[in-house]
Amino acid sequence: MHQTLNATPQSPVVSLKNVHKSFGPLKVLDGVSFAVDRGEVLVLIGRSGSGKSTALRCIDRFEKIDSGEIVVCDHRVSDPKLDLRALRQDVGIVFQSYNLFPHLTIEENITLAPCSVKGVSKAQAKEQARQVLAQVGLEDKLHQYPEQLSGGQQQRAAIARSLAMQPKVMLFDEVTSALDPELTGEVLKVIEALAADGMTMVMVTHEMGFARGIANRVVFMHRGKVHETGPAAILTSPATPELAQFVGTGL
Amino acid sequence: MNLNLDFATILERWPAFLDGALLTLQLAFIATLLGTVIGVLGAIGRRSHHPVVSRICGIYVEAIRNTPLLVQIFLVYFGLASLGLKFSAFAVAAAALTINVGAYTTEIIRAGFDSIPRGQIEAAEGLALSRAQIYWHVVMWPAIEKVYPSLTSQFVLLMLASSVTSQISAEELTAVANYVQSDTYRAFETYILVALVYIVLSLVMRAGFWLLGLVIFPRRRRLGTPL
């Protein structure tokens, strides 16, 4: 697979500029801006309701923004004429609740999109399924059904399913929130390996220890705004009292 | 009380009963097949964001579910006749039964579609699948697997209800019975026999659906668990 580079190597893979979004009277995003460069891992943290998940979902246009601009891999996400499916071929997303297709085997879950969307041949897609499953340590689960896997294994399979589409950026929306600490660990290891391979990632997480270890940049959201942003170090020495309180209670 | 049953006279007519039973099965087969297609399309239509489409599908379902089958059969039968169109009684019966079961199937399949969690569809959208691909791969098959028991009961009910088409002289099992009993004056024996044949037909259909389920739902075949 050839890797299409962005128009200019310096242009960020994901950029949000002054993004506003309301659900009815509730302002969820109030002028949010941040950018993610190639190979960078950006971690979004904040209290429930701070807007971090909404910000993440706007990147893949699961939510439409009211104003502002979002550009992802040269797709203008805020443009009404956006080619949604082209955007989503470049962006992989993994959810809290795995969302594997229960009636399909793990292999079928993984090969479905490459075959139907990209027109990859069945044989090639199966070979690729083996590769991505090996990447997440599940090569022996190829022919199992999702319900036969533990939560952590299902989440790793969901990550593999996204990887099979060879995305340019991966979004993780609280992917370990439904898992116990042991299973969380195995999923986080997979994400760390992806980061080490240079995958560009944006993730929402409540795992502060993990965020410290993996983040190139942390964005702390508070009341719909980017309240504080900086390298992972801000988690240990926060500048604002809100972040101090958040990490204080989070640890 | 002197109950004097004579089945020998009735059983002599077995070829007629067999023909009737086969015709009943044919009617059920056609209406099941076409009714499934209508049901899938109707369910998609009912969930359409297009208000006209969902309204039309809703009216169809309500009109059928709130009128008797016999009246529907007469409407098709006399409706076609008054338009100057001539069809065999079998064709009219098959059409009326299809229209009827299509409405019930629409409702059952719609319930199945509605039971697919939003997250499944979002995951498919996130993988860049098109709307049609999502419906086919992610919504329809699990939905049909979930409602398969209700769906198949509906089709068995339809087969039993097809006896009503004897009223427009479609030569199915009940029509044969009506004819045999008026010819032999052995009404009770005739309908006992016919009831037994309907039971056999029901069992045959259930067995058929069970086998079909094993073929079209590989997960259920492997794990044996409901979706």
Residue of B:R13, B:R206, B:R65 that the Gaussian network model of chain B assigns the largest fluctuation, springs spanning Cα pairs under 10 Å: B:R13
Cα gyration tensor shape for segment B:26-223, rounded if a/c is under 1.5, else prolate or oblate: oblate
Net length gained if the chain between A:R223 and A:E139 were fully extended (0.36 nm per residue, minus Cα distance): 26.0 nm
Label-point gap, in nm, between B:R47 and B:I199 - each point 7 angstrom along Cα→Cβ: 4.0 nm
Helix axis angle, A:241-250 relative to chain A longest principal axis, alpha carbon, degrees: 40 degrees
Tilt relative to chain B, helix B:89-114 - C-alpha long axis, 0 to 90 degrees, to 10: 30 degrees
Exposed trypsin sites (Lys or Arg not before Pro) absent - longest run of chain A, DSSP non-H/G/I/E/B, at most 13 other C-beta within 10 Å: A:82-251
Within segment A:40-70, backbone nitrogen closer than 20 Å to the virtual label 7 Å beyond the Cα of A:N18 toward Cβ: A:55, A:58-59, A:64-70
Overall Cα dimensions of segment A:131-251 - principal axes, largest extent first, Å: 51, 29, 23
GNM top mover of A:G185, A:G51, A:G224 - chain A, alpha-carbon springs below 10 Å: A:G185
On Cα atoms only, tilt of A:151-163 relative to the major axis of chain A in degrees: 90 degrees
DSSP-loop chymotrypsin sites (Phe, Trp or Tyr not before Pro) across segment B:89-188, with at most 13 other Cβ within 10 angstrom: B:Y185
Over chain B: helical MRE at 222 nm, DSSP H runs n ≥ 4 each giving -39500 (n - 2.57), nearest 500: -25000 deg cm²/dmol
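Quick one: if the Förster radius is 56 Å, what FRET efficiency do A:S33 and B:A132 give, using the C-beta to C-beta distance and rounding to 0.05?
Taking R0 as 56 Å, the efficiency between A:S33 and B:A132 is 0.95.
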Cubic angstrom per residue, convex hull over Cα atoms of the protein assembly as shown: 215 Å³
Theoretical FRET efficiency, 1/(1+(r/R0)^6), r = Cβ-Cβ of B:L5 and B:E62, R0 41 Å, to 0.05: 0.35
Calculated FRET value between A:A178 and B:L80, using beta carbons and R₀ = 60 Å, to 0.05: 0.55
Selected from A:H20, A:H103, A:H206 as most flexible by GNM, with chain A as the system and alpha-carbon contacts under 10 Å: A:H103
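At 0.36 nm per residue, minus the direct Cα-Cα distance, what do B:L157 and B:R206 gain on full extension? Give it in nm, one decimal, please. All intermediate terms of the calculation are to be shown ahead of the outcome.
Numbers: separation 49, 0.36 × 49 = 17.64 nm, distance 1.10 nm.
Gain in length upon complete extension: 16.5 nm.
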Overall form of segment A:61-190 per C-alpha gyration tensor (a/c, 1.5; a/b vs b/c): oblate
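Using just the Cα positions, wrap segment A:41-127 in a convex hull and report its mean projected area in square nanometres, one decimal place. Could you put the intermediate results ahead of the total?
Values: hull surface 30.9 nm².
Here the figure is 7.7 nm², rounded to one decimal.
Per residue and in cubic angstrom, what volume does the convex hull of the Cα atoms of chain A have?
Details: hull volume 32.7 nm³, N = 251.
Cα-based convex hull of chain A, divided per residue, equals 130 Å³.
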Chain lengthening between A:K81 and A:Q124 when straightened (0.36 nm per residue, less Cα-Cα): 12.2 nm
Rounded to whole Hz, the Karplus (6.51, -1.76, 1.60) HN-Hα couplings of segment B:192-203, x for glycine and proline: 4, 4, 5, 4, 4, 5, 4, 4, 4, 4, 4, 5
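Would you mind computing the Rg to Rh ratio of segment A:183-251 from its alpha-carbon coordinates, Kirkwood style for Rh? Mind showing how you got there, number by number?
Working: Rg = 12.5 Å, Rh = 12.8 Å.
For segment A:183-251, the value is 0.98.
Output the relative contact order of segment B:26-223, whole-number percent, from Cα pairs under 8 angstrom with separation of 6+ residues. Each step should come with its number before you reach the end.
On the way: 180 pairs, mean separation 47.0, N = 198.
Relative contact order for segment B:26-223 comes out at 24 percent.
Each value in this text was obtained by applying a stated rule to the coordinates, not by laboratory testing. No experiment lies behind these values; they were computed from the predicted model shown. Cβ coordinates were reconstructed from backbone atoms using ideal geometry, including for glycine residues, and neighbour counts include every protein chain displayed.
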